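Okay, structure first, notes after.
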Amino acid sequence: MIVSLNFIEKFLTLPKLNKEYFVNEQKIIRSQFDVDVIANILTKQGFEVESAVVRGADFDHVVVGQITNAAPHPQSAKLQVCDVQVGKGKVLKIVCGAANARTQLFVAVALVGAKLSGGLDIKPTQIRGVESHGMLCSREELGLPLVEGVDGDGIWELEVVAQ
């Protein structure tokens, strides 16, 4: 049986770890489940834990950004040059080949230094003469499962939910 720790936490308090990340020279502390301790607890209670999958554990330096401008690439009909706001006052130029990249879209952005699933290291690069400082990502590139009927071809379009 596959069970989400988010579901289990509705009934029990689970142990967590605080993990430090540095994004845009800012320290971010994120709380996440201590999977090893939880697996040990469940085993002692008589539940066999065959495996544990932590989604997104293979990468850091991935943030939510907003495309503030998307213009055609001067050297390619299939590429776009996007200005992507990835933090307060921080805008990156990223060359993107996804057909669904457009202004005002919220997207997953792999910053320089990110290591994505499949061993892809994100580095600054030049694509047909234009500097690119990151990558706009699809769910698949992040190692996340695809959602049928929602995910199309191209980058992951994030939905903004008002708090």
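The values are calculated or read from the model by the stated rules, or taken from the named source; none is laboratory data. Everything numeric in this text was worked out from a predicted model, so none of it was measured. Note that we place each Cβ from the backbone using ideal geometry, even for glycine, and neighbour counts take in every protein chain shown. In case anyone asks, the SASA skips ligands and DNA or RNA and just uses the protein heavy atoms, side chains included. Shrake-Rupley method; radii C 1.70, N 1.55, O 1.52, S 1.80 Å.
Data overview
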quantity	calculated
Rounded Å value of the spacing that divides the Cα centres of the stretch 48-99 and the stretch 103-151	4 Å
Additional length obtainable on full extension of the chain from residue 14 to residue 127, 0.36 nm per residue less Cα span	36.1 nm
Added length on full extension, which subtracts the Cα-Cα distance from 0.36 nm per residue, residue 27 to residue 144	39.6 nm
From phi via Karplus (6.51, -1.76, 1.60), per-residue ³J(HN,Hα) for the stretch 101-107 in Hz, x at Gly/Pro	6, 7, 4, 6, 6, 8, 9
For the chain, the longest site-free run once GluC sites (Glu not before Pro) in DSSP loop states with at most 12 other Cβ atoms within 10 Å are removed	51-147
Test item: Cα-centred dipole of the chain, Lys/Arg +1 and Asp/Glu -1 on Cβ, debye	520 debye
Estimated distance in nm for a label pair at residue 76 and residue 115, the labels positioned 7 Å out from Cα along Cα-to-Cβ	2.6 nm
Accessible area per residue, Å², the stretch 15-146 with all protein chains present, probe 1.4 Å	63 Å²
Using θ = phi - 60° and Karplus 6.51 cos²θ - 1.76 cosθ + 1.60, couplings along the stretch 82-94 (whole Hz; Gly, Pro as x)	10, 8, 10, 7, 10, x, 4, x, 10, 10, 10, 8, 9
Exposed chymotrypsin sites (Phe, Trp or Tyr not before Pro) absent: longest stretch of the chain, with sites in DSSP loops and at most 13 other Cβ within 10 Å deemed exposed	48-163
Mean ellipticity per residue at 222 nm, deg cm²/dmol - from DSSP H runs of n ≥ 4 across the chain, formula -39500 (n - 2.57)	-2000 deg cm²/dmol
Percent carbon-and-sulfur accessible area, the stretch 57-163, ignoring ligands, DNA and RNA, probe 1.4 Å	51 percent
Listed values (1) 29, 22, 11; (2) 35, 17, 15; (3) 24, 20, 17, entry calculated as semi-axes √(5λ) of the Cα gyration tensor in Å	(2)
Full-stretch length increase - residue 106, residue 48 - with 0.36 nm per residue and alpha-carbon distance subtracted	16.9 nm
J(HN,Hα) series, the stretch 116-121, from Karplus relation 6.51 cos²θ - 1.76 cosθ + 1.60, nearest Hz, glycine and proline x	8, 4, x, x, 7, 9
17, 158, reordered so the largest accessible area comes first (probe 1.4 Å)	17, 158
Accessible surface of residue 36 - all protein chains present, 1.4 Å probe, nearest 10 Å²	130 Å²
Largest-first ordering by accessible area, 1.4 Å probe, given options 76, 4	4, 76
Under 18 Å from the Cα of residue 78 - aspartates and glutamates, other chains or at least 8 residues apart	131, 153
Interchain or long-range residues, amide H under 5 Å from residue 105's placed H	67
